[in-house]
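Chemist: Dumping the structure here so I can ask a few things about it.
The values are calculated or read from the model by the stated rules, or taken from the named source; none is laboratory data. Not measured: the values here are computed from a predicted model. Here the Cβ positions follow ideal geometry from the backbone for every residue, glycine too, while neighbour counts run over all protein chains shown.
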Amino acid sequence: MIDKISQTRTDFDNDLNKISNLQSLEEFRIKYLSRKGIIPQLFDAFKEISKEEKRIVGQALNELKNYAQAKYEELKSKLEAEEKTKKELSLDVTLPGRIKTLGSKHLITQTLDEIKSIFKSLGFSVYEGPELESDYNNFEALNFPADHPARDMQDTFFINQNFLLRTHTSPVQIRLMKEKKPPIRAIMPGKVYRNEVISAKSYCLFHQVEGLYVDKDVTFAELKGTLVAFLKQFFGKDVRYRFRASFFPFTEPSAEMDVWWQPKGKEGRWLEVLGCGMVDPNVLINVGIDPEEYVGYAFGMGIERTAMRKYGIDDIRILFDSDIRFLTQF
């Protein structure tokens, strides 16, 4: 047994000298030091020898085990240090560092936040409502009878006969007027859906902000003053604007507001930015507000088109493409 221990130590030293990397060291460990390795097998054989030999053989076995473990740990530390040095030498410290880019708000969100901030400064609260809406709130309560031709102006995604994806955020006005007594001064931002052909100027999904003010003695002059104040804050104090008579089923009289837009190197033109008007008395009656006592105004604008006007974007589709080259500009 003593001879076998001596031979094992010789073989151990010979194999140890051949190791040049961590992979071969692991194979070496498995061969000599693992549970089924050569040295543990010697300890298993130790149980079979006579009592007279156990003291001498046991001492030799322990010396071999301690020696083997120490040599293994020593070589392992050396090889790990060499491996670390190789990795450090392979790093070119003269290369420029990699810039970590941070995400930012989407242009639509930025525009929406700016619009909300302006109207909040003008005394408006912010309310939101569901995107899945009833036909009554989306059309009928807003003075769109079932046979009204204005319904044809809004191609609708119907879920069933009574429910649809809202075509504007006006249903939030209906919900708010049903729940809250005048005075009411609020804006309603959110997503809206229309079954339209996708093109440079239209999309099946877009965002709107609508506003509502209901109180006693509200005038069209107040509506104009509010919208002009908004335009000057959003587009700049030198913005050129105009009001044009228009038609909406839920307001009377109604108007559209245009701003003058002149891209660099191109011919200028008037572009619509929002619709507005005095709330139709029938709408007030539908929500239980006495039109003889209260009057109000309402307005609405598309966020995408407002952003396009401000930043000179001529294709609405790019706002939904998630193209990093476009988004990083804002």
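Chemist: Looking at region 288-298, can you tell me whether even one residue there is crowded, with 17+ Cβ neighbours inside 10 Å, over 35 Å from the mean Cα position of the chain (by Cα) and among the small types (Gly, Ala, Ser)?
Modeler: Yes, because at least one residue in region 288-298 is crowded, with 17+ Cβ neighbours inside 10 Å, over 35 Å from the mean Cα position of the chain (by Cα) and among the small types (Gly, Ala, Ser).
Chemist: Take the residues of region 7-26 that are under 16 Å from Lys86 (Cβ atoms), touching a residue at least 12 places away in the same chain (Cβ under 8 Å) and in a helix (DSSP H, G or I): which is nearest to the chain's Cα centre (by Cα)?
Modeler: Checked region 7-26; the qualifying residue nearest to the chain's Cα centre (by Cα) is Leu22.
Chemist: Another question, if that's okay. Could you check how many residues of region 53-100 are of a type in the set (Ser, Thr, Tyr) and either farther than 19 Å from Leu16 by Cα or not assigned by TED's automatic domain parsing to the domain that holds Ser24 (or both)? Quick ask: steps written out before the conclusion?
Modeler: First pass over region 53-100, keeping only residues of a type in the set (Ser, Thr, Tyr): 67, 72, 77, 85, 90, 94.
Adding the requirement that they be either farther than 19 Å from Leu16 by Cα or not assigned by TED's automatic domain parsing to the domain that holds Ser24 (or both) leaves 85, 90, 94.
Of the residues in that region, 3 qualify.
Chemist: Something else about it: Only one of Glu179, Glu196, Glu133 is among the charged types (D, E, K, R), buried (at least 20 other Cβ atoms within 10 Å of the Cβ) and assigned by TED's automatic domain parsing to the domain that holds Phe234. Can you tell me which?
Modeler: Glu133
Chemist: Can you go through Glu267, Glu304, Glu272 and tell me which one is outside any helix (DSSP H, G or I) and at pLDDT 85 or above?
Modeler: Sole residue among the options that is outside any helix (DSSP H, G or I) and at pLDDT 85 or above: Glu272.
Chemist: Still on this structure, I have one more. From the list Lys78, Lys71, Lys65, exactly one residue is in contact (Cβ under 8 Å) with a residue 40 or more places away in the chain, among the charged types (D, E, K, R) and surrounded by 10 or more Cβ atoms within 10 Å (Cβ to Cβ). Which is it?
Modeler: Lys71
Chemist: For region 221-248, how many residues are surrounded by 12 or more Cβ atoms within 10 Å (Cβ to Cβ) and within 36 Å of the chain's Cα centre (by Cα)?
Modeler: So the count comes out to 17.
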